[in-house]
Amino acid sequence: MGSRRSKLLEDVKQHLCTCAEGLKLTPEMEAFLEMPMRELYVSLPVHMDDGSIKVFRGFRVQYNEALGPTKGGVRFHPEDTIETTRALAALMTWKCALHKLPLGGAKGGVICNPKELSHREIERLSRAYIRGIYQIIGPDRDIPAPDVYTNPQVMAWMMDEYSKLAGKNVFGAITGKPTILGGSAGRYDATARGGLYTVREAAKKLGINLKTARVAVHGFGNVGYHAAYLAKKMFGCKVVAVSDSKGAIFSADGLDPEDVSGHKHSTGSVLNYPGAKTLTNEELLELDVEILIPASLENVITKENAGKVKARILAEMANGPTTIEGEAILNSKGVHIIPDILCNGGGVIVSYFEMVQNYSGMQWGEEEIRSRLERKMKEAYHSVYNFASKNNVTMRQAAYTLAVGRVVEAMQLRGWI
Ligand code: GLU
């Protein structure tokens, strides 16, 4: 497991190398930035409902803390690896820096299949994970949050376990909590909403009318569902296709994402939604749409399928959905890519708002959160767009250069390097 190659990790390192020259990084800086500052491996014995004990493996990677306490989600996934977690922790570092948050980057993971675990088993696993990483986390060290297959309930257990170990309530130790336990208004749809604010700016630049735009969403979890729902509700887009791990559905007249979500809850999949045609996930990526939103896992758009992508805007709401080879093809076709660290920053931005509310004891309403989020996403989009145009580089190179530049500046000012 430990030696398994990770395409995402290779690509993330390559993106760093690409901007190293422009930033005039010294070999020492590059050496420091291409590896995490700290990694913890944990073994978690969990009492299962049938009386047996199962040992799960988990990790926490703290990539870089030059800009502040590290921040990033915890993924519960059967195919999770330390390499992927490392890559995702690097992405969190660049994401927080790009969005000017006073935070470093981290990521955690537990190798497990939550679909095969009971509610109580997931609770015991979540608590065991926090006990395992307790020594290196905390509100001014490293703050976990949700990611793939973790949710506000899991965050509530994690915050409770942390608080028990600390002997006091520490709401600010975890973000993405239920609102009654110090969670922020507007955190639940923040990644999708934030991403759509960047789509709106991109559409203006490209002269795309969102009212008539067709959208395809790959992945129908928390981010994918809200992206589909809000694209229709906020802009009036026609959401022609959505998918989950079992396959995709298509309707030329547009789907009702809320209704599809109800169907998924009652049947376990978006497939067989009445009136919709079944497609494969691959076919969804190749649809004739204006906007394609990958909102599931990494390495979805590759050299094999990028040539067939017809979308004009690729809004990367997942982390690492496009491989380097896939991106080169999209660039040659003139597809406007809103890179992951820019597009999906809304989640960690509202997590940061949650931390600020937890520190200050204040509670902001949904409108306040949304307008603050919108301001930050627009500012980041335009700074990346302007940098890319001025320096004739891609949106991703621009985003990396701005982000890595800030981390390097902080490291120099702290006298690290
Ligand atoms: N897991 C999310 C991400 O990849 C959010 C992290 C957070 O809120 O700390 O950006």
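The values are calculated or read from the model by the stated rules, or taken from the named source; none is laboratory data. Predicted, not measured: the structure shown is a model, and the values here were computed from it. Don't worry about glycine lacking a Cβ; one is built from the backbone with ideal geometry, like all the others, and counts go over all protein chains shown. For accessibility, only protein heavy atoms count, side chains too; no ligands or nucleic acids. Shrake-Rupley method; radii C 1.70, N 1.55, O 1.52, S 1.80 Å.
Structure values in brief
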{"quantity": "Heavy-atom accessible area ranking, 1.4 Å probe, most first, across HIS99, HIS263", "calculated": "HIS263, HIS99"}
{"quantity": "Sites GLU282 and GLU28 - FRET efficiency at Förster radius 45 Å, r taken between beta-carbons, to 0.05", "calculated": "0.55"}
{"quantity": "Paramagnetic reach from ILE417 (point 7 Å along Cα→Cβ, amide N under 14 Å) across segment 24-58", "calculated": "24-38"}
{"quantity": "Portion, in percent, of the accessible area of the chain that falls on carbon or sulfur, probe 1.4 Å", "calculated": "50 percent"}
{"quantity": "Cα-based shape type of segment 158-277, given that a ≥ b ≥ c are square roots of the gyration tensor eigenvalues and the cut on a/c is 1.5", "calculated": "oblate"}
{"quantity": "Potential extension, GLN363-SER266 segment - 0.36 nm per residue separation minus Cα distance", "calculated": "31.5 nm"}
{"quantity": "Length-normalised contact order for segment 196-319 - Cα pairs under 8 Å, 6+ apart - percent", "calculated": "26 percent"}
{"quantity": "Accessible surface, per residue, of the chain when the full set of protein chains is kept, probe 1.4 Å, Å²", "calculated": "41 Å²"}
{"quantity": "Net length gained if the chain between ARG120 and ASP140 were fully extended (0.36 nm per residue, minus Cα distance)", "calculated": "4.2 nm"}
{"quantity": "LYS390/ARG38 FRET efficiency (R0 45 Å; Cβ-Cβ; nearest 0.05)", "calculated": "0.80"}
{"quantity": "Amide hydrogen neighbours beyond the local backbone of GLY320, cut-off 5 Å, H modeled", "calculated": "ASP340"}
{"quantity": "Inter-centroid distance (Cα atoms) of segment 284-323 relative to segment 219-238, Å", "calculated": "16 Å"}
{"quantity": "For TRP157, solvent-accessible area (1.4 Å; no DNA, RNA or ligand), Å²", "calculated": "20 Å²"}
{"quantity": "Contour minus Cα-Cα distance for VAL356 and ARG375 (0.36 nm per residue)", "calculated": "5.2 nm"}
{"quantity": "Computed E for SER332/GLU258 - FRET, C-beta separation, R0 56 angstrom, nearest 0.05", "calculated": "0.90"}
{"quantity": "For the chain: relative contact order, % (alpha-carbon pairs under 8 angstrom, 6 or more apart)", "calculated": "16 percent"}
{"quantity": "Long-range HN-HN contacts of ARG75 with modeled amide H, under 5 Å", "calculated": "GLY108, GLY109, VAL110"}
{"quantity": "Overall dimensions of the chain as given by Cα atoms, namely Rg and Dmax in Å", "calculated": "20.4, 63"}
{"quantity": "Tensor-based shape of segment 1-94 (alpha-carbon gyration tensor, a/c under 1.5 rounded, otherwise prolate or oblate)", "calculated": "prolate"}
{"quantity": "Ranked by how many other beta carbons lie within 10 Å on average, peptides 119-126, 399-406 from highest", "calculated": "399-406, 119-126"}
